[in-house]
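As structure tokens, the structure follows; a few thoughts come after it.
The values are calculated or read from the model by the stated rules, or taken from the named source; none is laboratory data. Small disclaimer: the values here were computed from a predicted structure and weren't measured. Cβ sites come from the backbone with ideal geometry, for glycine too, and all protein chains shown count toward neighbours.
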Ligand code: XMP
């Protein structure tokens with residue numbers, strides 16, 4: 001393993017990914033790693049002190065402990081003025097190809113690392129570790145159908161088969177065909193032990209008349225935990241809870257300075273009073289590695305490359321107080337948008353795309369008569385980290401076909417609009 005010590009560089013994850021792409025496992029750890037923590041790490045072949053503009057905390061330059069230099073492995077310091085190592089670099093070259101050459105030399109000539117890290121080996125190792133951790137006991141997993149929980153499920157099914165109990169809660173705010181696809185892939189194709197809970201009515205009743213977006217999110221999150229907990233209590237002899245925690249969740253959680261604009265509460269949180277041991281086999285994978293793992297495990301492409309979908313689902317796209325007729329309009333128009341984006345190969349190009357139905361009507365004319373119905377708003381954005389986003393420029397004929405289909409096929413809709421606002425000022429979702 002190559003250890004990267006975080007001295008505030010923005011390039012830590014790029015570097016870690018680059019090293020893994022070269023077939024050598026790498027991890028990022030805080031600069032103040034203790035001697036004991038360092039000693040516990042498995043097979044460290046080299047250390048990179050990755051500095052940058054932020055390697056100052058509270059006005060003081062970050063200092064790396066002497067035990068790091070005494071670890072008896074090659075140390076490369078980059079953009080780190082306080083370094084005590086001889087082969088240091090002032091900064092990485094701007095060109096990624098040149099950066100890769102330096103990294104390669106360090107890995108293979110200085111550290112004599114072996115290029116043996118790949119997805120097949122990762123899966124084989126994880127299966128072994130999961131079997132060792134779990135033995136013949138049972139594991140519970142909230143399977144939403146999102147990328148991370150689906151990959152965790154596929155990995156656990158391979159490791160422990162029916163000892164894994166998956167619970168899929170349909171909160172009634174899923175996209176068209178989504179719960180069906182979870183059942184098809186996991187129950188029918190992978191023969192998993194899957195409990196399907198259709199809680200749609202229960203969620204819709206709880207949400208009746210609730211117009212405030214944060215309140216809606218809270219209700220959906222809390223109700224989800226309640227339903228999941230009820231299912232878990234019906235089951236006997238479960239000792240473990242599996243979670244789809246991935247590496248960015250861990251790396252970013254300590255450094256986030258972004259102000260909270262929305263609660264972004266992920267549905268599927270851990271019931272706090274439940275006494276489970278955690279199984280988190282994806283903890284060290286980046287998102288693209290999670291996808292590669294999913295493909296290697298045989299999950300369908302559409303599931304592995306699913307666009308991001310908020311935990312509260314269509315609940316935050318049916319604006320204001322949710323009604324069944326507007327929810328249906330969101331679901332149907334979203335399905336048309338997805339179909340047409342796939343036909344135009346925009347599904348592989350655009351980061352997130354969806355429809356919104358607001359809680360107001362406008363006048364229109366249908367079959368020579370005045371009608372008073374809802375608009376559908378289309379949103380299609382590109383972003384790297386969801387903190388800022390730009391608008392995809394969609395060809396007019398594609399927009400026009402989508403508009404025709406929505407107006408003809410979706411009930412209670414008489415107008416289609418395209419949202420041109422970047423983030424900021426707008427956010428990606430409307431609520
Ligand atoms: P905004 O609307 O804040 O969204 O620009 C940024 C990204 O976060 C997703 N999002 C959520 N995800 N629970 C989630 O799991 C939420 O409540 C939530 N709200 C927004 C949004 O879809 C976009 O990808």
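Selection of segment 386-420 for residues being assigned to a loop (DSSP other than H, G, I, E, B), surrounded by 14 or more Cβ atoms within 10 Å (Cβ to Cβ) and within 15 Å of the ligand (Cβ to nearest atom) yields 386, 392, 419.
Of all residues in segment 339-354, those that are surrounded by fewer than 12 Cβ atoms within 10 Å (Cβ to Cβ) and either within 16 Å of the ligand (Cβ to nearest atom) or outside the structural domain of residue 382 (by TED's automatic domain parsing) (or both) total 0.
Where helices (runs of 4 or more DSSP H) sit wholly within segment 29-129, those with at least 1 residues that are within 30 Å of residue 154 (Cβ to Cβ) and more than 28 Å from the chain's Cα centre (by Cα) occupy 35-40.
Let's see how each residue does on (1) modelled with pLDDT under 95; (2) surrounded by fewer than 14 Cβ atoms within 10 Å (Cβ to Cβ); (3) farther than 16 Å from residue 111 by Cβ:
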site: 22; (1), (2), (3): no, no, no
site: 27; (1), (2), (3): yes, no, no
site: 40; (1), (2), (3): yes, yes, yes
site: 55; (1), (2), (3): yes, no, yes
site: 59; (1), (2), (3): yes, yes, yes
site: 62; (1), (2), (3): yes, no, yes
site: 66; (1), (2), (3): yes, yes, yes
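What number of residues within segment 103-136 satisfy the criterion of being under 22 Å from residue 7 (Cβ atoms) and touching a strand residue (DSSP E or B) at 6+ places or on another chain (Cβ under 7 Å)? Matching residues across segment 103-136 total 5.
Only one of the numbered conditions (1) within 23 Å of residue 309 (Cβ to Cβ); (2) at pLDDT 95 or above is violated by residue 387, and that is (2).
When restricted to residues that are more than 18 Å from residue 326 (Cβ to Cβ) and touching a residue at least 40 places away in the same chain (Cβ under 8 Å), segment 406-420 contains 1. Kindly indicate whether residue 67 is in contact with a strand residue (DSSP E or B) (Cβ under 9 Å, 6 or more places away or on another chain) and either more than 30 Å from residue 120 (Cα to Cα) or without any contact (Cβ under 8 Å) to a residue 24 or more places away in the chain (or both). Spelling it out, it is not the case that residue 67 is in contact with a strand residue (DSSP E or B) (Cβ under 9 Å, 6 or more places away or on another chain) and either more than 30 Å from residue 120 (Cα to Cα) or without any contact (Cβ under 8 Å) to a residue 24 or more places away in the chain (or both).
So that you can scan it fast, the table gives a plain yes or no per residue for (1) surrounded by 17 or more Cβ atoms within 10 Å (Cβ to Cβ); (2) more than 19 Å from the chain's Cα centre (by Cα):
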| site | (1), (2) |
| --- | --- |
| 140 | yes, yes |
| 152 | yes, no |
| 182 | yes, no |
| 187 | no, yes |
| 197 | no, yes |
| 209 | no, yes |
| 213 | yes, yes |
| 227 | yes, yes |
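For segment 313-329, the criterion of being within 29 Å of residue 398 (Cα to Cα), more than 16 Å from the ligand (Cβ to nearest atom) and modelled with pLDDT under 95 is met by none of the residues. Has segment 169-188 got any residue that is part of a strand (DSSP E or B), within 27 Å of residue 319 (Cβ to Cβ) and in contact with a helix residue (DSSP H, G or I) (Cβ under 7 Å, 6 or more places away or on another chain)? Yes, segment 169-188 contains at least one residue that is part of a strand (DSSP E or B), within 27 Å of residue 319 (Cβ to Cβ) and in contact with a helix residue (DSSP H, G or I) (Cβ under 7 Å, 6 or more places away or on another chain). I'd like to check something: does segment 355-366 contain any residue that is within 16 Å of the ligand (Cβ to nearest atom), surrounded by 17 or more Cβ atoms within 10 Å (Cβ to Cβ) and within 23 Å of the chain's Cα centre (by Cα)? Checked against the condition, which is being within 16 Å of the ligand (Cβ to nearest atom), surrounded by 17 or more Cβ atoms within 10 Å (Cβ to Cβ) and within 23 Å of the chain's Cα centre (by Cα), segment 355-366 yields at least one hit. Evaluating residue 294 against the criteria (1) assigned by TED's automatic domain parsing to the domain that holds residue 158; (2) within 14 Å of the ligand (Cβ to nearest atom); (3) at pLDDT 95 or above leaves one unmet condition, (2). Contact map, segment 382-401: first residue touching a residue at least 24 places away in the same chain (Cβ under 8 Å), second residue part of a loop (DSSP other than H, G, I, E, B) and near the ligand (Cβ under 9 Å from one of its atoms), Cβ cut-off under 6 Å, separation 6 or more or different chains; pairs are 382/351; 383/351; 389/383; 389/428.
Restricting the first member to segment 156-177 and to residues that are in the same structural domain as residue 336 (by TED's automatic domain parsing) and surrounded by 24 or more Cβ atoms within 10 Å (Cβ to Cβ), and the second to residues that are outside any loop (DSSP other than H, G, I, E, B) and at pLDDT 95 or above, no beta-carbon pair is closer than 6 Å while six or more apart or on different chains.
Among the residues of segment 287-323, those identified as within 12 Å of residue 154 (Cα to Cα) and out of contact with any helix residue (DSSP H, G or I) (no Cβ under 6 Å at 6 or more places or on another chain) are 298, 300. Which is in contact with a helix residue (DSSP H, G or I) (Cβ under 8 Å, 6 or more places away or on another chain) and closer than 26 Å to residue 303 by Cα, of 428, 406? Exactly one residue qualifies, and that residue is 406.
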